[in-house]
Every structure is written in C-alpha cells, then in structure tokens.
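Colleague: Take this structure first; my questions come after.
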Amino acid sequence: MNNKEVEQQHIEAQRRLNEMLSENGMIEDDFKFVAVGYLSIDEEFEKGEVSTSFLTKLKVFWREGMTLATAGHHTCEFCNIATGSSEKELIDRENKIKYIFPEMIFHYITEHKFKPSNEFIEFVMRS
Ligand SMILES: [Zn+2]
C-alpha cells in the first residue's frame, strides 16, 4: 500500500466510527490522516539526510505509540528485505492530524535515504 491508500483506509474507518458516534449522540472526531513512509517502487519519494535526534525520537515514539497492526511482515520493494508490518499512529491534537507510519520507515530512512515531510519532522521534534 502507498501513502494515499493507507490514508484512504483510515478516512473510511473514521467515517464509519463517526457515523456510529453521531447515531449515539456523541461528538465526532475529525482528524486529517497523514500517512508517512509507505514507499512504493513505482513512486518518487523525497530523499535527504535526517538528524540523529529526529531518528532517536521517532524510535522512542515507535515504542510508545499506539500500535495499529502487528500481523505478518512487510517486504521492502527496493531491496527485498523483510521487517514486521506494524504501524503506529501519532496524534497532533493542535493541528488535528493523525500521522500513521510503518515499521519499515526506519529501514527506508537509514538504507534508502527517505526523508519524511518537514511537517512530520517538525511535529516529532516539538512533541
Ligand atoms: Zn530496502
């Protein structure tokens, strides 16, 4: 799955949840979903250096964040190495964004020079 497909999946899940909530007279949860680091061999991605402090912080969040999926494994389309297929969600309440990122993001950053968006990096660094 690429970023767009992951976002679409979460938008759909939120829509169903909100339907249930509003039927029960509860307040809807309205977050924008931003998937980070679901790379595909068919798509260009941003490359560049990221700071060690960003990577260290992201690893802490990886351990502490909410796990969305843990089943199976995911194979890197660039070098065929496999890692777990877990995903994490990080919530930026201030800007109403839910970031979703896969376990493979660490491999992409260190092995394929993937550089996440500045928006995501800044969020991680100020969190
Ligand atoms: Zn790889």
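The values are calculated or read from the model by the stated rules, or taken from the named source; none is laboratory data. These figures come from a predicted structure and were not determined experimentally. Methodologically, a virtual Cβ is constructed for each residue, glycine included, from the backbone with ideal geometry; neighbour enumeration extends over all protein chains shown.
Colleague: Please give the number of the condition residue 94 fails out of (1) at positive phi; (2) more than 12 Å from the ligand (Cβ to nearest atom).
Modeller: Of the numbered conditions (1) at positive phi; (2) more than 12 Å from the ligand (Cβ to nearest atom), the odd one out for residue 94 is (1).
Colleague: Of all residues in the range 1-50, which are closer than 24 Å to residue 112 by Cβ, hydrophobic (A, V, I, L, M, F, W, C) and exposed (fewer than 10 other Cβ atoms within 10 Å of the Cβ)?
Modeller: 41 - this is the single residue of the range 1-50 that is closer than 24 Å to residue 112 by Cβ, hydrophobic (A, V, I, L, M, F, W, C) and exposed (fewer than 10 other Cβ atoms within 10 Å of the Cβ).
Colleague: Which of the numbered conditions does residue 66 fail, given that it passes all the others? Conditions: (1) of a type in the set (A, V, I, L, M, F, W, C); (2) surrounded by 14 or more Cβ atoms within 10 Å (Cβ to Cβ); (3) farther than 15 Å from residue 38 by Cα; (4) modelled with pLDDT under 95.
Modeller: The one condition residue 66 does not meet is (2).
Colleague: Name the single residue, out of those in the range 81-127 being over 15 Å from the mean Cα position of the chain (by Cα), assigned to a loop (DSSP other than H, G, I, E, B) and basic (Lys, Arg), that is modelled with the lowest pLDDT.
Modeller: Within the range 81-127, the subset over 15 Å from the mean Cα position of the chain (by Cα) is 81-83, 93-95, 110-113, 125-127.
Now drop any that are not assigned to a loop (DSSP other than H, G, I, E, B), which leaves 81, 93-95, 113, 127.
Remaining after also requiring basic (Lys, Arg): 93, 113.
Values: 93: 90, 113: 97.
Per the criteria, the residue is 93.
Here's the yes/no breakdown for (1) part of a helix (DSSP H, G or I); (2) in contact with a strand residue (DSSP E or B) (Cβ under 9 Å, 6 or more places away or on another chain); (3) in contact (Cβ under 8 Å) with a residue 60 or more places away in the chain:
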{"site": "1", "(1), (2), (3)": "no, yes, no"}
{"site": "4", "(1), (2), (3)": "yes, yes, no"}
{"site": "11", "(1), (2), (3)": "yes, yes, no"}
{"site": "14", "(1), (2), (3)": "yes, yes, no"}
{"site": "21", "(1), (2), (3)": "yes, no, no"}
{"site": "25", "(1), (2), (3)": "no, no, no"}
{"site": "30", "(1), (2), (3)": "no, no, yes"}
{"site": "59", "(1), (2), (3)": "yes, no, no"}
{"site": "79", "(1), (2), (3)": "no, no, no"}
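Colleague: Please go through the range 66-91 and pick out each residue that is of a type in the set (Gly, Ala, Ser), within 17 Å of residue 6 (Cα to Cα) and within 16 Å of the ligand (Cβ to nearest atom).
Modeller: Those that are of a type in the set (Gly, Ala, Ser), within 17 Å of residue 6 (Cα to Cα) and within 16 Å of the ligand (Cβ to nearest atom): 84, 85.
Colleague: Continuing with this model, one more query. Report yes if residue 41 is of a type in the set (A, V, I, L, M, F, W, C) and either in contact with a helix residue (DSSP H, G or I) (Cβ under 9 Å, 6 or more places away or on another chain) or touching a residue at least 40 places away in the same chain (Cβ under 8 Å) (or both), otherwise no. Show your work before the answer.
Modeller: Working: of a type in the set (A, V, I, L, M, F, W, C): yes; either in contact with a helix residue (DSSP H, G or I) (Cβ under 9 Å, 6 or more places away or on another chain) or touching a residue at least 40 places away in the same chain (Cβ under 8 Å) (or both): no.
It is false that residue 41 is of a type in the set (A, V, I, L, M, F, W, C) and either in contact with a helix residue (DSSP H, G or I) (Cβ under 9 Å, 6 or more places away or on another chain) or touching a residue at least 40 places away in the same chain (Cβ under 8 Å) (or both).
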